[in-house]
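Only the coordinates and a few stated rules stand behind these numbers; no lab work does. The structure presented is a predicted model; accordingly, all values stated were derived computationally and were not measured. Cβ placement follows ideal geometry from the backbone for every residue including glycine, while neighbour counts extend to all protein chains displayed.
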Amino acid sequence: MEQPADLLGWAATVVLIATLVRQIVKQHRAGSVEGVSTWLFVGQITASMLFIAYSAWLGSLVFVVTNSLILVTAVVGQGLAMRRRRSAGERGK
């Protein structure tokens, strides 16, 4: 059975992931990658992988799942940005 603290953690996870997904969708629809930093994604991916390992070590399922989902959003966001950059480069030729 979930502890009250775990329920709070799951609620935070839902809010955080919804916010990140919304931002990725907004950036993708904007059609520009001008303000998107590759280093932000590199840092986010690295930090997420480290936090996943740390959370697993502590045995915290809430944080393993949360950080795994954050990692997925970073990879998807970076993939969309790279595709957009490639597409913009091809149009500029």
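Determine if the stretch 31-54 includes at least one residue that is in contact (Cβ under 8 Å) with a residue 40 or more places away in the chain, under 10 Å from the mean Cα position of the chain (by Cα) and in a helix (DSSP H, G or I).
Yes - at least one qualifying residue is present in the stretch 31-54.
Among (1) within 30 Å of Q3 (Cβ to Cβ); (2) touching a helix residue (DSSP H, G or I) at 6+ places or on another chain (Cβ under 6 Å); (3) surrounded by 15 or more Cβ atoms within 10 Å (Cβ to Cβ), which single condition is V21 missing?
Here V21 clears every test but (2).
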